[in-house]
Amino acid sequence: MTTHFPTLPRLLCALALFLGAAWRPAAAQTPDPWRLTAAQVDPRNYYGVTVANGMLGVVSSPEPFQVKSVVLAGAYDQYGRGRVSNFLNSFNLLNMYLEVDGQRLSGKDVSNFRQELDMQHAGLTTSFDYADKATIRYTHYALRQLPYTVLVDVTITAKKDVSLTAASVMDAPDALREVQNYYNEIDRPHVTLSLLTSSAHSSTGKLQLCASNSFLFSEPHGQEPKVIHEMWDSNMHLMKFNKVLKAGQTYSYAVAGSSITSAHHADPLNEAERLTIFARLEGKERLLSFHAKAWDELWKSDIQIQGDAQAQQDVHSMLYHLYSFSRAGTDYSPSPMGLSGLGYNGHVFWDTDVWMFPALLVLHPEIAKSLLEYRFRRLEPAQRNAFSHGYQGAMYPWESADMGVEETPVWALSGPFEHHISADVALAAWQYYCVTQDQGWLREKGWPILSATADFWASRVERNGPGRYDIRNVVAADEWAENVDNDAFTNAAAQVNLRNAVAAAKLLGLRANPDWLHVAQNIPILKMADGTTREHATYQGEGIKQGDVNLLAYPLNVVTAPAQIRKDLEYYETRVPTAGTPAMTQAIFALLYARLGNAEKAKIWFKDAYEPNLLPPFRVIAETKGGTNPYFATGAGGVLQAVLMGFGGLNITPTGIVQSKTTLPTGWQSVKITGVGVQRKTYSVSR
């Protein structure tokens, strides 16, 4: 037997491998499916997370006791941004400060700073140590059961004897004017209410914005700290109290407040105080109990993933944000950034109807109904818009705000020319009927939308002979293609709009305009020489901003042959740049590849749809790779559709939701979708 000794290079290699193993950090902790944790916060690279209830959004800050902004759905005015309506920040009614032994606490004084979002019950908790004196923890909530009301719950544990001064600060955003500040104390035998209230007008005077808050103390009545009011300047005032704690003692208090405008109530000043009094007398425990129950009800509609813990956390985050940015019983519709800030001026685009709506429709039809109520109540301005452009029916604006008129800044050509939005609205209306089978709604609200938009397309086409009812001079769904003819998505969406209007008429026993089906049959879908669907008449293979042709396979179902779907995918997936484009296109690629049975490509495109867009410290989604404008709810809606309709195999059909054969991404073991549709069914897919 011959013995072989390792050479020196082999010894060095083995030693390096041993040392590498010895010094390798511990394996990353498995992502929590329900909690997003920021254990190390860098204020210079911080993108806040939002707690919201579909009406009020509170955006986090890396500074102790501060929030970045408070956004209120439906509050718009003009203030210098493109001469169009813009979202308004509301009063910041949750800013606070804390003084310990006379020293104002700030970020530079704290250690072990940590923030954690509980997505299951929609609370953002911040915790830290202040020197060697105290451990502090507070949680922000936008109360789900009370659309205009928020709460922050504070707990302080003293490490040594300390003297505290805690303040609630009410300050007005710069865009507001004519600020008026009020302080009232209401005494009753069983309670004393301290109300810190402010009112102001928006820049043009269009809206009155009001907010009020109150301390909620844990002591019995008569033993609460004395509240002191201070007026600092016209834009800010505060109320505060003092408390002495012994070493080891824990003390809790809360602030509940309400924000509302004249867009929501005829008397917002008094209503803000009434709502705050209501919350104060409900008490913290009842408020948080009802809030938790409301979120438990929302999460009965869930997506459960086995085999990819990070995807599970990310999908929960996407659902959390879509649930947070919308609510049932309103006529509000989310903007691309939801309630996370003033992005895109808070306007409503196709982002809602095509990208967010289907996921909400499948999981919470009652919420999706609100998004359509927004469109139904703005049908008349859409009809006036069609009239002013020389068309019949209803032409929905590309950017819409409170009034339903065109709100696109004039430098953007999408305002006058991105006409597919009318078909997008009609598609959402038809899908709502398909899922709910609610013929009463279809007759009262769906039919007016479907018929008016069908009339628009019948007047919009240029009739140039059989098969040549051209739709010219549009901005494509791929918005880099401006003023082109016969855009694939626009033409196909118009066909679908016209056919769905005919189907709705038949269901309702109404007479459809015979011209609708005739027009639909003659709108062209162009092809290249090799049979690939051509994006538009002059398309020559250039890069695309976002999906256009591939949307014909989903959600339009105009292209149905697997070979054609694959051909179009293989062509256009190479035309999407690696950066600078919105996040939705890759999600459609993932969805279609799953339906075609390609698990590896489904995984690649699923990850590419959002992972390069994530921002620290909460993995919030930006619109583009390298972008900085969170939270991009449009992208979240697209990825959720990839999971629901791609990996989950769900299809919206005229007879309801049905499940088709599909493929899970490589590495996933199963997907379980609960609470689907009006019957709250469960669907599963396993490998």
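The values are calculated or read from the model by the stated rules, or taken from the named source; none is laboratory data. What you see is a predicted model; the values in this text were computed from it and never measured. Cβ: placed from backbone, ideal geometry, glycine included. Neighbour counts: every protein chain shown.
Would you point out the residue of the stretch 280-314, among those that are touching a Pro at 6+ places or on another chain (Cβ under 9 Å) and of a type in the set (A, V, I, L, M), that is farthest from G637 (Cα to Cα)?
A309
Take the residues in the stretch 130-164 that are over 27 Å from E282 (Cβ atoms) and buried (at least 17 other Cβ atoms within 10 Å of the Cβ), then tell me which one is nearest to the chain's Cα centre (by Cα).
My answer is Y130.
Return a yes/no flag: does the stretch 452-462 have any residue that is outside any loop (DSSP other than H, G, I, E, B), surrounded by fewer than 20 Cβ atoms within 10 Å (Cβ to Cβ) and without any contact (Cβ under 8 Å) to a residue 40 or more places away in the chain.
Checked the stretch 452-462: at least one residue is outside any loop (DSSP other than H, G, I, E, B), surrounded by fewer than 20 Cβ atoms within 10 Å (Cβ to Cβ) and without any contact (Cβ under 8 Å) to a residue 40 or more places away in the chain.
Only one of E63, E116 is touching a helix residue (DSSP H, G or I) at 6+ places or on another chain (Cβ under 6 Å) and acidic (D, E). Can you tell me which?
Exactly one of E63, E116 is touching a helix residue (DSSP H, G or I) at 6+ places or on another chain (Cβ under 6 Å) and acidic (D, E), namely E63.
L371 versus (1) closer than 23 Å to Q437 by Cα; (2) surrounded by fewer than 24 Cβ atoms within 10 Å (Cβ to Cβ): which is the lone unmet condition?
Looking at each condition in turn, L371 falls short on (2).
Restricting to the stretch 647-672, and then to whatever is touching a residue at least 60 places away in the same chain (Cβ under 8 Å) and outside any loop (DSSP other than H, G, I, E, B), can you tell me which residue is surrounded by the most Cβ atoms within 10 Å (Cβ to Cβ)?
The residue in question is V671.
Could you please give the count of residues in the stretch 180-207 that are under 18 Å from Q78 (Cα atoms) and crowded, with 20+ Cβ neighbours inside 10 Å?
Going through the stretch 180-207 one residue at a time, the tally reaches 3.
For the stretch 226-326, give me every one of the helices (runs of 4 or more DSSP H) that falls completely inside it and has 3 or more residues that are outside the structural domain of G123 (by TED's automatic domain parsing) and crowded, with 23+ Cβ neighbours inside 10 Å.
309-324
May I ask you to say which residue of E535, E482 is crowded, with 19+ Cβ neighbours inside 10 Å, touching a Leu at 6+ places or on another chain (Cβ under 9 Å), in a loop (DSSP other than H, G, I, E, B) and not assigned by TED's automatic domain parsing to the domain that holds P582?
Just one listed residue meets the conditions, E535.
Would you please name the residue that is modelled with the highest pLDDT, looking only at residues in the stretch 401-446 that are out of contact with any helix residue (DSSP H, G or I) (no Cβ under 8 Å at 6 or more places or on another chain) and among the small types (G, A, S)?
Once the filter is applied, the top-ranked residue is G440.
Would you pick out the residues in the stretch 539-559 that are of a type in the set (S, T, N, Q) and either surrounded by 13 or more Cβ atoms within 10 Å (Cβ to Cβ) or not assigned by TED's automatic domain parsing to the domain that holds I421 (or both)?
Within the stretch 539-559, Q546, N550, N557 qualify.
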